[in-house]
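Asker: Got a structure for you, written out below as structure tokens; questions coming shortly.
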Amino acid sequence: MRKDNPRSRWPHRLKCAVSAIALWLGLLGLLAVFCFLFPGPLSTPEMRVHYPMEFLRGLTQGGLLVGLALGLTGLFFATQRLRSAIAVLLAGAALALGGGYAQPWGDTLDAPVIGLDFLVLDLFALCLLFVPLERALGKPQPVLRRGWRVDLVHFGVCHALVGLIAAASVVPAHVLFSWALDFEFRQQIAAWNPVVQFVLVVLVVDFTCYWLHRAFHAVPFLWRFHAVHHSIEHMDWLAGSRQHLGDILVTRAAGFVPVFVLGFADVAVYAYILLISFHAVFIHANARVGLGWFGRVLTSPRYHHWHHTDQAGLLDKNFAVLLPVWDVLFGTALWRKDWPESYGLSGDGMPESWLGQLIAPLRRQRQ
Ligand SMILES: [Zn+2]
Ligand SMILES: [Zn+2]
């Protein structure tokens, strides 16, 4: 009698998950090891001083060992062989370089060239949080859905250039509004209770971003850049990263102007950045969450998903980033209990590569 091969009894989805997790851990682990080896050029000095290093080193080492074990398991059971083999190679190389306990190599530059640390940490944390959340609360959709590669490149570029983008975003305010430094009220505002300042930062920046967002939709030249973001056809936590660098720079530079002129303290501004960084990912997530009554106060995934629909008669709604009150006040709010049937630019041929999307605004006509 023929015996069942135990290897064939693995459910297909489990096989895919084992090799995908192995690859994810191997890749992130190797990138983390590079950060330990070259902290100067590859990690952000402002963040580095706050890191719980022992914990991060232990986490890296543990992640690499688990990634290696899962990759070997995949190879042993002959599942997703190529993926499993790459995972074993990546994790093996990272461990050979010292793993989580790799020490810096010689004297390295102290100025960050790319924010690899931010990329690795954010990718690790967001995957850990949103992949299970979307599996539980989202519409059925593969984790690696169509277009994930280009969105991951957008995510990587934006995170790696975080220092450069932050530095460039404050230049226009410093150049054009330096006269505001003489205002006495700046010192008074900076001395207010940080919670009050935080609320005010949210209000003034969100109001600015609402109108800027409307301008991106209304002005043909600006729309060419913003169209890259609206070319998303499958919403998830990674999709929101698809944004043209010009869109990012203009939005951040404009949002910083009221913060600079009014002179808010750093703590209030950083709290806002923390909130908006998480929230921007959350509202694009493939999670059927409307937030109930609180969705009238703070934008929810359902609210922002309707901004991305391509359904006729429902375009140009829900521009608010954080606070739906702007859409209510200016007549652009769309409250619906259901979810969009489709997203995107209605069949418009946006290039599918990162470089193609970068140069698309220079070549495209307005939709
Ligand atoms: Zn938009
Ligand atoms: Zn969006």
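The values are calculated or read from the model by the stated rules, or taken from the named source; none is laboratory data. The shown structure was predicted, so the numbers you read here are calculated from the model rather than taken from an experiment. Here the Cβ is made from the backbone with ideal geometry for all residues, glycine too, and neighbour counts use every protein chain on show.
Asker: Could you say which residue among R149, R214 is basic (K, R), away from ligand 2 (no atom under 16 Å from the Cβ) and either touching a residue at least 12 places away in the same chain (Cβ under 8 Å) or in a helix (DSSP H, G or I) (or both)? Give the derivation first.
Answerer: Working: R214 fails: away from ligand 2 (no atom under 16 Å from the Cβ).
The unique qualifying residue is R149.
Asker: Here's a follow-up. If we keep just the residues of segment 226-240 that are assigned to a helix (DSSP H, G or I) and within 10 Å of ligand 2 (Cβ to nearest atom), which is nearest to the chain's Cα centre (by Cα)? Step through it out loud before you land on a result.
Answerer: Residues of segment 226-240 assigned to a helix (DSSP H, G or I): 226-230, 239-240.
When the remaining residues are screened for being within 10 Å of ligand 2 (Cβ to nearest atom), the result is 226, 229-230, 239-240.
On the way: H226: 16, H229: 13, H230: 15, A239: 8, G240: 6 Å.
Only one residue fits best here, namely G240.
Asker: Only residues in segment 222-246 that are closer than 24 Å to R135 by Cα count as the first member; pair them with residues that are modelled with pLDDT under 95 and assigned to a helix (DSSP H, G or I), Cβ under 7 angstrom, at least 6 apart or cross-chain, and list the lot.
Answerer: Pairs found: L238/W148; S241/C158.
Asker: Could you say which residue among R302, R288 is assigned to a loop (DSSP other than H, G, I, E, B) and either under 24 Å from the mean Cα position of the chain (by Cα) or not polar (S, T, N, Q) (or both)? Quick ask: steps written out before the conclusion?
Answerer: Numbers: R302 fails: assigned to a loop (DSSP other than H, G, I, E, B).
One residue alone meets the criteria, R288.
Asker: Mind listing just one residue for me: the one in segment 326-353 that is assigned to a helix (DSSP H, G or I) and surrounded by fewer than 17 Cβ atoms within 10 Å (Cβ to Cβ) and, of those, farthest from the chain's Cα centre (by Cα)?
Answerer: Out of the qualifying residues, it is L329.
Asker: Here's another thing I want to ask about it. Hey, among A160, A167, A191, which residue is at pLDDT below 95, exposed (fewer than 13 other Cβ atoms within 10 Å of the Cβ) and within 22 Å of G115 (Cβ to Cβ)?
Answerer: Of A160, A167, A191, the one residue that is at pLDDT below 95, exposed (fewer than 13 other Cβ atoms within 10 Å of the Cβ) and within 22 Å of G115 (Cβ to Cβ) is A167.
Asker: Of the conditions (1) out of contact with any Gly (no Cβ under 8 Å at 6 or more places or on another chain); (2) over 16 Å from A93 (Cα atoms), L56 clears all except one; give me its number.
Answerer: (1)
Asker: So, one more: Going through segment 175-196 one residue at a time, which ones are in a loop (DSSP other than H, G, I, E, B) and within 22 Å of A253 (Cα to Cα)?
Answerer: Correct list: F177, F183.
Asker: Next question. Within 27 Å of K139 (Cα to Cα), within 16 Å of ligand 1 (Cβ to nearest atom) and buried (at least 22 other Cβ atoms within 10 Å of the Cβ): is that true of H279 in this structure?
Answerer: So H279 fails the test.
Asker: Oh, and also: What is the one condition in (1) buried (at least 22 other Cβ atoms within 10 Å of the Cβ); (2) assigned to a helix (DSSP H, G or I); (3) more than 16 Å from ligand 1 (Cβ to nearest atom) that V261 does not satisfy?
Answerer: Only one criterion in (1) buried (at least 22 other Cβ atoms within 10 Å of the Cβ); (2) assigned to a helix (DSSP H, G or I); (3) more than 16 Å from ligand 1 (Cβ to nearest atom) is unmet by V261, namely (1).
Conditions (1) buried (at least 19 other Cβ atoms within 10 Å of the Cβ); (2) within 12 Å of ligand 1 (Cβ to nearest atom); (3) of a type in the set (V, I, T), marked per residue:
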| site | (1), (2), (3) |
| --- | --- |
| C209 | yes, yes, no |
| F221 | no, no, no |
| V228 | yes, yes, yes |
| M235 | yes, no, no |
| L238 | yes, no, no |
| S241 | yes, no, no |
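Asker: Please work out if L82 is modelled with pLDDT under 95, surrounded by fewer than 14 Cβ atoms within 10 Å (Cβ to Cβ), in contact with a Pro (Cβ under 6 Å, 6 or more places away or on another chain) and among the hydrophobic types (A, V, I, L, M, F, W, C).
Answerer: no
Asker: Could you give me the residue pairs with C-beta distances under 6 Å whose first residue belongs to segment 284-303 and is within 13 Å of ligand 2 (Cβ to nearest atom), whose second residue is in a loop (DSSP other than H, G, I, E, B) and aromatic (F, W, Y) wherever it lies, and which are 6+ apart or on separate chains?
Answerer: A285/W237
For (1) crowded, with 17+ Cβ neighbours inside 10 Å; (2) out of contact with any Asp or Glu (no Cβ under 8 Å at 6 or more places or on another chain), each residue gets a yes or a no:
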position: L30; (1), (2): yes, yes
position: C35; (1), (2): yes, no
position: L70; (1), (2): yes, yes
position: G99; (1), (2): yes, yes
position: G115; (1), (2): yes, yes
position: L121; (1), (2): yes, yes
position: A136; (1), (2): no, yes
position: P140; (1), (2): no, yes
